[in-house]
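Computed from the coordinates by the stated procedures, all read-outs in this text should not be read as laboratory data. As the structure is a computational prediction, the values presented were derived from the model and not from experiment. Cβ sites come from the backbone with ideal geometry, for glycine too, and all protein chains shown count toward neighbours.
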There are 2 protein chains.
Amino acid sequence: MAIIVQKYGGSSISDIEKIKFVAKKVVERKRQGNKIVVVVSAMGKTTDNLISLAKQISSFPPERELDLLLSTGEIVSVALLCMAIENYGEQAEGFPGYFAGIKTDALHTKARIQKIEPSKIIEEIEKDKIVVVAGFQGISSENAITTLGRGGSDLTAIAIAGAIKADICEIYTDVEGIFTSDPNRIKKAKLIPFISYEELLEMASSGAKVMQSRAVEFAKKYKIPFIVKSTFKDGEGTMVKEIELKEGAVVSSVAIDENQAKISIFRVPDRPGIAGKIFSALGQAGINVDMIVQNVGRDGFADLSFTVNINEIEKTKNIVEKIAKEIEAEKIITDPDICKISIIGIGMMNQPGVAGRMFSCLGKNGINIEMISTSEIKISCVVRKKDGEKALIELHKEFIENK
Amino acid sequence: MAIIVQKYGGSSISDIEKIKFVAKKVVERKRQGNKIVVVVSAMGKTTDNLISLAKQISSFPPERELDLLLSTGEIVSVALLCMAIENYGEQAEGFPGYFAGIKTDALHTKARIQKIEPSKIIEEIEKDKIVVVAGFQGISSENAITTLGRGGSDLTAIAIAGAIKADICEIYTDVEGIFTSDPNRIKKAKLIPFISYEELLEMASSGAKVMQSRAVEFAKKYKIPFIVKSTFKDGEGTMVKEIELKEGAVVSSVAIDENQAKISIFRVPDRPGIAGKIFSALGQAGINVDMIVQNVGRDGFADLSFTVNINEIEKTKNIVEKIAKEIEAEKIITDPDICKISIIGIGMMNQPGVAGRMFSCLGKNGINIEMISTSEIKISCVVRKKDGEKALIELHKEFIENK
C-alpha cells in the first residue's frame, strides 16, 4: 500500500466528462490498494473568468477580496470531483484549502506556505476515504483566505505530499511529461524519464512552460520527488528528483523564450552603485530582470544590456529613462525582436567545451549571438527573434538527437 | 447611530452594474452614520447553474458536496461587493458563512441555525468597516459547509440582526414591499405598510411569493422586526413586526395559489387510523399536503379530499392507490384544474361574518366553492382554476378596495 498525492490541473477537469474520467482514474488507483489525496485546480478558464469579473469593478481589485473570489474556483472542482468519485462507489472527503490545514503568510495573491497541518487529511485517508483538496489556496493567521499565485496547485500538491510523507506525488497535466524541447516545435523532442529539480527550474526560467517554479523549489528544498505525466494518455511521465552530479552528464533539454525584450543603456558612467540604482528601481516596480550583460568599461563608461518580459518593456523604459537622465547616460534602445535560447543540463559546466559547441553550432548556422549568460547548469544566448526557431532546431540536433 | 443589517437577493446583484449600485447604496447608508452588515445571495442564476453542473454528474448528488458546491456562489458575491464598496472609499470585510460564526446542524441542503457567534462581525463593524456576509450558508459541528435551503439568505440576515441586536433588518428585493395582492394581477393592489409575522407566514403558504417561511418564523420567534423593500426604487417598504390583536382588525391581503392539485378518495372506510395511514405515508415520501377535507361519514364510509403541489400529483397518486387498494376504497380522482384562493388578516376569526362575506362574494359571482379550510388568520377556498382570476379580483374589491 502506498500513499499517493495526485494533482489535476484545470485542463484535466475542464468539463463534467473530464471530471468523471479523472474520478474513475482516482478510484481505480485507490482500489489497487493505495491511499489517495487529490489536489485540484479550478475548471478550465474559471480563474480567468473570475478575474475578469473583478476587473469590471476595479482595474486593481483589492488583493484580499480577489483571493476570496478566486478561491471559489477550486472549491467548485473539489465538490464536483467528490460527487463523481462517490458515484463510482468510493467515499470522498472534500477540503477547501483552509480546512486542509494549509497555513500561509498574508501576502495575498502570492502567499507563501508557512506550515501544513495535515492531521485532518491523514485522519480521513485512514478512514479509507479519498481526500480531495482545493489547490492554490490557504489561510493566513488572520483567518483570511489566501492564494499561492498562478499555478499554485502544484505547490499545494507537493507541500501536502511532503507533509503526509507520501510515497509519490503525481502531477497530471495535458502533456506526457517533460521533453528535451517543446514537442510542438521539435518533432524529435524526446520524453525525459528522469530530471533533477535544478534542471527543471532552469527550464522554467528559460521559457519552457512546465510547472510553477515555486512548486519545484519547494520540492527541491524538502526533497519531495514527483512525477509529471498526462491525465489522458498512459505513460511513465517524467520523474523529478534529486540527481547526483555525474561526470559526463549531458545537455538534457533545449528551450526557447520568445517573450523577452532587450534594453540597452549606452555610455553608463562606470562607477560603483550605478547598476544597483537601476536594478533596485526595477525591482521596486516589480519588474523581473532576466539576463544582464555589462561590457568592459572604457574611458570610464560602459554599455549595459538586460532583458525583461516583453509586456513590461514600456514600464521598464519609463523607469530607466529617468535614471539615465540622472546619471547622464548617452541613450537607451529597446529591442523587442529578440529571443532567448538555452541549453540545460546538470553538471554541464564541468564539461569543457559545451559552451563552445553551442556557440559554434549557432555560428555555423549563421545565427549571431547578442548576449550570453551562464549558470551551473544552463547556457543562454540572446539571438534575433527570426533566428529563434532555427537555433532551437539546430541545438536540439546537436545536443539531443546526435549525442 | 444605528446598527443596520441589509440583505440583497440574487436579482439585486445579478450583474456588475447592479453590484456597483448596491455598493453605492450601502456606502451612502454607512456615511449617514450607521454601522452596516450586508448579507448577500449568489448572483442571478448562479445557484441554478451550479445545481445543473452537479446534476450532470449524478441525478441525486450527495448533499454534503452539494452544499460545498453551492456555498461558492454567495462567496463570489461577497468578494465582488467588498471590492465595489472599497472602490467607493469605505473599508469592507468579507465573510464566508463559516467565518461569520453561523453554526448549524448537519442537515445538509436544509440545515437549521443552531447558534450565531457574532463576535467577529461585531469586532469589524466596531473598526468602522462594512461587513459583508455570505448568505444561505453556515458550518456544522463537523466543520462541513452547510446551506440553509432555498431563500436561506433571508434567514441569515434575520438571524444576524438578532444576534448583533441590530436596530433594523432590511430585506432588499425586486418588489417594493408586501402588497394586498399580487400587483401584477390586481392593479389596485396596495402596499401594506405594517404586517404581522403571522399574516406574512399565511401569505407565503397561500401562494404569495414573498419570503422564505423559515426566515419569518425565526423573526417571529426572536421578535426581530424587519423591512421588505425595493433595491432599485425608493420607498418605505413593508415593516414586518409583532402586531397586537386589535378588535375590528381587517383582511390585509388576498392571495391565489395556482400550483395546487386536488386528490379525492371515495368510500374510505370510516374507522380510526385510516387517515393517519394515508397522511403518514405521504409525509414519509416528503409530500406536503395542504388542505384536507373529509365529509361526514355515511354507512360507515366517508369521502376524503386533499390538495398537494401540482408537481407531486403523480407521486401522490401512486402512494394513495396502494393504500386505497388495501383499505378497499372505491376510487381515486385526481384533479389538477383547481386553485386555492385565500384571504388573510390578523384577528379575522374574531370578526363574525368575514367567512360568510367571502362565500357570498364568490357565490354572487357564480364561483363554486369545492373545499374550505380556515385558521386563526386565514380562510382558504378551493375553486376551479378558470375561476381563480375572477375570485382574486372580486375578493380584493370586497375586502381591500371597498373596506
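The table below gives the values:
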quantity: Assigned charges on the beta-carbon of Lys, Arg, Asp, Glu; region B:98-207 dipole about Cα centre (debye); calculated: 260 debye
quantity: Total lysine pairs under 22 Å (Cα atoms) in region A:284-371, excluding pairs fewer than 8 apart on one chain; calculated: 8
quantity: For chain B: relative contact order, % (alpha-carbon pairs under 8 angstrom, 6 or more apart); calculated: 13 percent
quantity: Kirkwood estimate for region B:35-101, i.e. one over the average of 1/r between Cα atoms, Å; calculated: 13.3 Å
quantity: Debye, to nearest 20: dipole size of the protein assembly as shown, +1 on Lys, Arg Cβ, -1 on Asp, Glu Cβ; calculated: 420 debye
quantity: Computed over region A:248-403: relative contact order in percent, which uses C-alpha pairs under 8 Å that are six or more apart; calculated: 32 percent
quantity: Values of log10 I(q)/I(0), in the order q = 0.15, 0.20, 0.21 Å⁻¹, for region A:150-272 under a Debye, Cα-only, solvent-free model; calculated: -0.71, -1.14, -1.25
quantity: Cα Rg, Dmax (largest Cα-Cα span) when computed across chain A, Å; calculated: 23.2, 78
quantity: Residue of chain A whose Cβ sits closest to the axis mapping A onto B, with distance in whole Å; calculated: A:Thr72, 2
quantity: Cα convex hull volume per residue for the protein assembly as shown (Å³); calculated: 204 Å³
quantity: For region A:75-146, Kirkwood radius (reciprocal of mean inverse C-alpha pair distance, Å); calculated: 12.7 Å
quantity: Pair-distance profile P(r), taking every C-alpha pair of region A:138-202, with 10 angstrom steps and integer %; calculated: 16, 37, 30, 13, 4, 0
quantity: Debye intensity ratio in log₁₀ form over the Cα atoms of region A:82-207, taken at each q of 0.23 Å⁻¹; calculated: -1.28
quantity: Whole-angstrom gap from region A:186-205 to region A:298-362, using each part's C-alpha centre; calculated: 24 Å
quantity: Helical contribution to [θ] at 222 nm, DSSP H n ≥ 4, -39,500 (n - 2.57), averaged over the protein assembly as shown, rounded to 500; calculated: -10500 deg cm²/dmol
quantity: Taking B:Met1, B:Met371 and counting other C-beta atoms within 10 Å, the order from fewest to most; calculated: B:Met1, B:Met371
quantity: Selection from B:Asn311, A:Asn288, A:Phe306, by position along the positive dipole direction of the protein assembly as shown (Cβ); calculated: B:Asn311
quantity: Nm distances between copies for A:Ser52, ranked from closest, using label points 7 Å along Cα→Cβ; calculated: 1.8
quantity: Packing-based exposure ordering (other Cβ within 10 Å, fewest first) of B:Thr46, B:Thr109, B:Thr147; calculated: B:Thr109, B:Thr46, B:Thr147
quantity: Residue with peak Gaussian network fluctuation, chain A [Cα springs, cutoff 10 Å], from A:Ala208, A:Ala84, A:Ala275; calculated: A:Ala275
quantity: Exposure proxy ranking, count of Cβ atoms within 10 Å, fewest first, for A:Ile227, A:Ile292, B:Ile256; calculated: A:Ile292, A:Ile227, B:Ile256
quantity: Unit Cα scatterers, Debye sum, region A:289-403: log10 I(q)/I(0) for q = 0.17 Å⁻¹; calculated: -0.92
quantity: Region B:3-174 - Rg (one decimal) and Dmax (whole number), Cα, Å; calculated: 15.2, 50
quantity: DSSP-defined beta bridges in region A:3-174 - what % are antiparallel, rounded to 5; calculated: 20 percent
